[in-house]
Each structure stands twice: as C-alpha cells, then as structure tokens.
Ligand code: FES
C-alpha cells in the first residue's frame, strides 16, 4: 500500500495539539497502542471531530506501512495477535475476491419558505489521501414533494476536486397559508468508479434562513422501531420540529409521542400523533404543548418500516434553523 508520509510537525488533531510525529511515537511505543487508546490518551478527535477520518486513515496506514516494510511495531503485532479467527478469515477472503464499490441511498429533507432555502451539496476532495485513492463518483438524485411525487431526477459525474450544488428548494411549491414552510426530500445515490476512499463525498443538506445557515451530512434510513430524541423545553426561544422521510414506496405508518422523562417514562399528559405517510413522502410535525415544568423531555418516533427521522430547532420567527439527525 502506498502510504503518504506527512511531516512530523504537521497537525493531525489541531484541537488536541497532536502532530503526526507525536502520534507516530505513541503508536510505536513498546507497550503498544490501539486507535482507541490513542484517542483516549491524547484527547484527539473528541472536540470538533473533524480529524477523525484522517486519524483513522493514518493509524491504518501506519500499520500497513509497518507490515509492508517488515517493521512490525509492538502495536501492530499486538493487534494482529488479537484478531479473531473470523477476522483473519475475512483478511484472507479480501485477498481472493476483488473489492467492489457499493452504494447506500441517503436521504435529506427540503425546506422551502419565505427566506428559507435548501441546497444539496456534494464535494469530492481528496483531503490527505494520495492521488488515485479517490474515485470519481456518479451522483444520482431524485427530488420529491411531501406526497412523494417526483419533481426532478438527475445524474452528475463528480470528478476529484469537483463540487455539486443543487438548490433543491426551488423545485418545491411555496408553503400553504398558515404553514411555516413546505417540505420535501431528496434521495441520493453515489457510485464510485472504483473501490477507494470516500473522501468528502458524503452529501450535505444546507439550510439557509434569514439570519443563519445550518448543515448536516446525509444518512441512510433508520431501521423500523423506536427513535428517541431528548430536548430542553425552551418554548419561549425555540421551536422544535420532527421530520419523517419515507424511504420506501409503500405507505409508512408512524407515530410521534412526547413528553417522556429522559428515562423514557411517559408523562401524564402524553401526546401521541399517529400518521400514514405516502411512499417516498415527507412529513413535518411541530412539537407544542409541553408543560413549562418539564425542563428536559424525551420524544419518541416509532416507524413501521425504513424511514429517515430528523430534528429541526428554530428561533420563533424561523430566522435561524438548525438541522440534526439521531
Ligand atoms: S481537529 Fe481533532 S477534534 Fe478537532
């Protein structure tokens, strides 16, 4: 494996002030060190977490470099000893069968309203990965309205160093009278031209509002069952919305219930909303009516089959919106 050698002085985790040189020394120490120990002992990767992908790549590269050069460190030797029969069997299978690139469909919500826009953004930057490790990606996306109706389908080829920005909210109708915004969703598929590093190609949803912007990476669907959120009850200064995106073509039966205590015990005033959502449809529910003495509460979404559940926090006038996932 071709391992890129970073200068010992370059930062690996800026938050923890950890350089590549520091990390190399720790990985090679006689008592050995695993990736998890490196994070725990240095505090790296635990603040903004932006370095985690690079840390993981660096640790696995160091192990591979040691094996390739015959310089087996104590850490890599111990890791090898610890590998179970099953993992060693997988290692062997990897040498026999070729790697293939695979896709998992990701989902993001679309919000459209006065001063509210949503963009789908995908970038293909190679970061610290060596030339040739990042494939070009074929990005296929479908934009749908709340009822699951297809508004646009497109495919784009994203070479290394290229970016895709789709103003997805321009495809939605404006909100109906009395609604804060209209909602829809985007399904995104990524096909790497060859197996390699994902790099930065995880799609992002970007929500722009009057006084701020927010973004979060997309994800595959949640499996059927319960999904929990815990929130502070700050109804004077914050509005909370639950978003449900149906990942299937079949109608989705789901419920949203709150407030529970943070331990999952239902309060006396439990509100339960049960709905059916059309195939590939999108739904938004605003959380209201929590008694002021519930300082912190939990909310449960129950989904009957594959769906993506997300949360929006907003200022009362929706001038700032923050989006997150469980
Ligand atoms: S750069 Fe490593 S946690 Fe922020």
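Take the Kirkwood radius over Cα pairs of region 225-324, plug it into Stokes-Einstein at 10 °C and 1.306 mPa s, and you get 114 µm²/s for translational diffusion. Say R0 is 56 Å: what FRET efficiency, to the nearest 0.05, do residue 153 and residue 50 get from their beta-carbon distance? E(calc), rounded to 0.05, equals 0.95. Scaled against 2.2 N^0.38 Å for its residue count N, the alpha carbon radius of gyration of region 276-326 is 1.36. So what's the angle, to the nearest 10 degrees on a 0 to 90 scale, between helix 52-69 and the longest Cα principal axis of the chain? With both axes taken from Cα atoms, the answer is about 20 degrees.
Expressed in nm to one decimal, what extension gain is obtained for the pair residue 100 and residue 220 from 0.36 nm per residue of sequence separation less their Cα-Cα distance?
Here the segment from residue 100 to residue 220 would lengthen by 41.3 nm.
Pairs of C-alpha atoms in region 85-237 farther apart than 18 Å represent 67 percent of all such pairs. By the beta-carbon count within 10 Å of each Cβ, the least crowded to most crowded order of 107, 191, 97, 229, fewest first, is 97, 191, 229, 107.
When 290, 183 are sorted by how many other C-beta atoms sit within 10 angstrom of their C-beta, beginning with the fewest, the order is 290, 183.
Computed over the alpha-carbon atoms, the chain gives an Rg to Rh ratio of 1.02, Rh here being the Kirkwood radius from the mean inverse distance.
Neighbour counts of C-beta atoms inside 10 Å place 323, 168 in the sequence 323, 168, starting with the fewest. Considering every alpha-carbon pair of region 150-306, the percent of pairs per 10 Å bin, from zero through the bin containing the longest distance, is 8, 31, 34, 20, 6, 1. The GNM of the chain, with springs linking C-alpha atoms under 10 angstrom apart, assigns the highest mean-square fluctuation among 259, 175, 136 to 175. Remark: spin-label model distance residue 265-residue 29 equals 4.5 nm, labels positioned 7 Å along the Cα→Cβ axis. Mean residue ellipticity at 222 nm, helices only, the chain: -5000 deg cm²/dmol; runs of at least 4 DSSP H residues each add -39,500 (n - 2.57), and the sum is divided by the number of residues.
With a simple spin-label model that places each label point 7 Å from the Cα along the Cα-to-Cβ direction, the separation between residue 125 and residue 315 comes to 2.8 nm.
State, to one decimal in nm, how far the label point of residue 249 lies from the label point of residue 230, with both points 7 Å from Cα in the Cβ direction. The two pseudo-label positions are separated by 4.1 nm.
Read-outs: derived from the displayed coordinates by stated rules, not from any lab. Remember, it's a predicted structure, so these values are computed and weren't measured experimentally. So basically every Cβ, Gly included, is an ideal-geometry build from the backbone, and we count neighbours across all protein chains shown.
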